[in-house]
Amino acid sequence: FRPTELGFRVNDLLVKHFPTIMDYDFTSLMETKLDEIEQGKAERLPVLQEFYEPFMQALALADERLEAARPKPVETDFVCPTCGRKMLLRQSERGPFLGCSGYPRCKTILNPDGSPIQPDTPPETAGTETACPKCGKPMVVRQGKFGSFLGCSGYPRCKTVLPLPGSQPSPVPEVEKTGVACPKDGGDIVVRRSRKGAVFYGCVNYPNCDYVTWHRPVGKTCPQCGWPLGEKRFRGKATGAVVCTNPDCVYQERATTEQAEEVPAASEGDA
C-alpha cells in the first residue's frame with residue numbers, strides 16, 4: 001500500500017492547518033477529558049467550548065487558505081480528440097486526469113497518458129432457465145456480499161431475488177441470552193454486536209421490539225420503575241455503577257465486585 005499524491009497533499013494541509021487535532025496526544029487528551037465529565041470532575045459545556053471555538057476559527061482560516069492552495073490545471077501537449085484544443089492536467093478525488101481546456105463547452109476527459117477512459121462496466125451475469133415469478137423475465141445469476149443469488153433481469157424495474165438452486169442457506173447465528181426479560185414485551189434480552197464489534201444488549205424480538213441498552217443486565221430490577229438494572233460502562237471501562245436501563249429513570253447504585261467481573265467490555269464510543 002502506498003498513499004497517493006493527493007493523500008500526501010491532504011495530510012500536509014491537515015497537519016499545517018489543524019496541528020492540535022493531528023497531534024498524536026489529541027485523542028488520549030480528549031478521552032481523559034470525557035472520562036472527567038463522566039466522573040463529574042468536569043462540566044460538559046466548558047470542555048466542548050474549549051475545543052469548539054479554536055476549531056471553528058482554524059476551520060474558517062483553513063477554508064480561505066485551502067481555496068488558494070488548490071493545484072492549478074497544467075497545460076499539456078495532448079490535443080483534445082473532440083475539438084482540437086489543448087488538454088489540461090487536472091486533479092480529482094480519484095486522481096489526475098486530462099480535461100479539455102474548452103470545458104464546460106467540451107467535456108472530453110482522458111487518462112493522464114492520453115488514453116481513453118473506459119467506463120465502469122457491471123459484472124457479467126449468467127442467464128438461467130428460471131422465470132421471474134413476478135414479471136416472467138429470465139432470472140440471472142448475480143453476485144452479492146453473501147455469495148451468488150438469482151436476480152430478475154428486469155432490474156431495476158423488478159427487484160425480485162431468489163436463492164440459487166442447490167445453495168445452502170446461511171446458518172443463523174445462535175444468540176447469547178442474558179437470562180433477563182425485556183421490560184417492553186417480555187422477550188429475552190440477548191447480547192448483540194454492532195458492525196464495529198461493540199457489545200450491546202437488545203430484545204430478541206427486534207425489530208418488533210426496540211428495547212436496547214449499552215449496560216449489561218445484572219439480574220436485578222429497578223426499585224423505582226421495575227426495568228432491568230445494568231452495569232454501566234464508559235468507553236470500554238467499568239464505572240463502578242449499576243444504573244436503570246430505562247432512559248427516563250435516573251436510578252443508580254454501586255456495582256458489586258461480582259457484577260463488575262461478569263460484564264464484557266462494551267463501549268458506546270465504538271458503535
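The values are calculated or read from the model by the stated rules, or taken from the named source; none is laboratory data. Fair warning: this is a prediction, and the values are worked out from it, not measured in the lab. All Cβ positions, glycine included, derive from the backbone under ideal geometry; neighbour counts span all protein chains shown.
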Could you check, for region 32-46, whether at least one of its residues is at pLDDT 85 or above and either assigned by TED's automatic domain parsing to the domain that holds ARG94 or touching a strand residue (DSSP E or B) at 6+ places or on another chain (Cβ under 6 Å) (or both)? yes
Which residue pairs have Cβ atoms under 7 Å apart, sit 6 or more places apart or on different chains, and have a first residue in region 29-41 that is surrounded by fewer than 13 Cβ atoms within 10 Å (Cβ to Cβ) and a second that is among the hydrophobic types (A, V, I, L, M, F, W, C)? none
Given (1) surrounded by fewer than 15 Cβ atoms within 10 Å (Cβ to Cβ); (2) touching a Leu at 6+ places or on another chain (Cβ under 9 Å); (3) part of a helix (DSSP H, G or I); (4) of a type in the set (Gly, Ala, Ser), index of the condition ALA60 fails: (2)
